[in-house]
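Report on the structure given below.
Where a number appears in this text, it was derived from the coordinates with a stated rule and is not lab data. All values reported here derive from a predicted model rather than from experimental measurement. Using ideal geometry, Cβ is built from the backbone for each residue, glycine included, and neighbour counts are taken over all protein chains shown.
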């Protein structure tokens, strides 16, 4: 309750900081959206909201060759946590790495998909709750909703096949989507969160029983051409994660590629045009 004293509103203990935090978060969301819009504009990507029964997804798209394959970029976890123990109230990324990569992609049909509740908050996305960007961010509900969004994008672009690219947690989503869909031409991940249990144990954080673990599905991806890029200086998701995943596929279609000089954040955009020249294909084997 707000009390009034001598014409000045005084807040009870703690309320000032709650309101200040809410104000700052609103401002940060606006700034983060403006940053993303500027990146998308440079890449000639057009903003479109894709609505599914579970979530509304913000996307940026450049479709210049309808009916041809789509390259779909999936964002990382964004600002899921503000500290080791406190989740964020808004997972919108400060640095949308996957969007930066999508904007650089010279392909004819490029689509970027933000993760649930990024950019589009509770006001326009009533389903949004903290677990969907923390413990349940790789749950079957989330993967199915993103798959529905992809179906809608495919339909509007008259496309039949897609190439998936995922950054960090978006790499986990991309791998899980690839396992359940039948229209995947290739899979690329960048600093991909491909073994949730292993990484969480490595950093001594809580397990995520409500989420799917991509490495448990890896053997079902044996015939999908794929490349998993890891930064040589990435301490958050170290290179052995991609190596473990490619080995688990059990086939010759998956490669783990170590990129010198890169941390988890990269900056991956400085290398992306070069890395895109490496084509996922079967027969090369994991390295």
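Arranged by the count of other C-beta atoms within 10 angstrom, fewest first, what order do 168, 156 take?
Values: 168 26, 156 13.
Result, fewest neighbours first: 156, 168.
Applying 0.36 nm per residue to the separation of residue 180 and residue 160 and subtracting their alpha-carbon distance, the gain on full extension is 5.7 nm.
For a modelled paramagnetic label at residue 200, 7 Å from Cα along Cα-to-Cβ, the residues of the range 128-170 in reach, with backbone nitrogen under 19 Å, are 129-144, 168-170.
Put in line by how crowded their Cβ is, counting other Cβ atoms within 10 Å and starting with the fewest, 81, 133 read 81, 133.
Computed per residue of the chain from DSSP H runs no shorter than four, each worth -39500 (n - 2.57), the mean residue ellipticity at 222 nm is -9500 deg cm²/dmol.
Listed from fewest to most Cβ neighbours within 10 Å, the set 111, 257, 205, 142 follows the order 205, 257, 142, 111.
Rounding to the nearest 10 and keeping the result within 0 to 90°, find how far the Cα-based axis of helix 240-249 lies from the longest principal axis of the chain. Orientation of helix 240-249: about 50 degrees from the principal axis. Modelled label positions at residue 223 and residue 210, each set 7 Å beyond Cα in the direction of Cβ, lie 3.5 nm from each other. Placing pseudo-labels 7 Å out from each Cα toward the beta carbon at residue 130 and residue 83 gives an inter-label distance of 1.3 nm.
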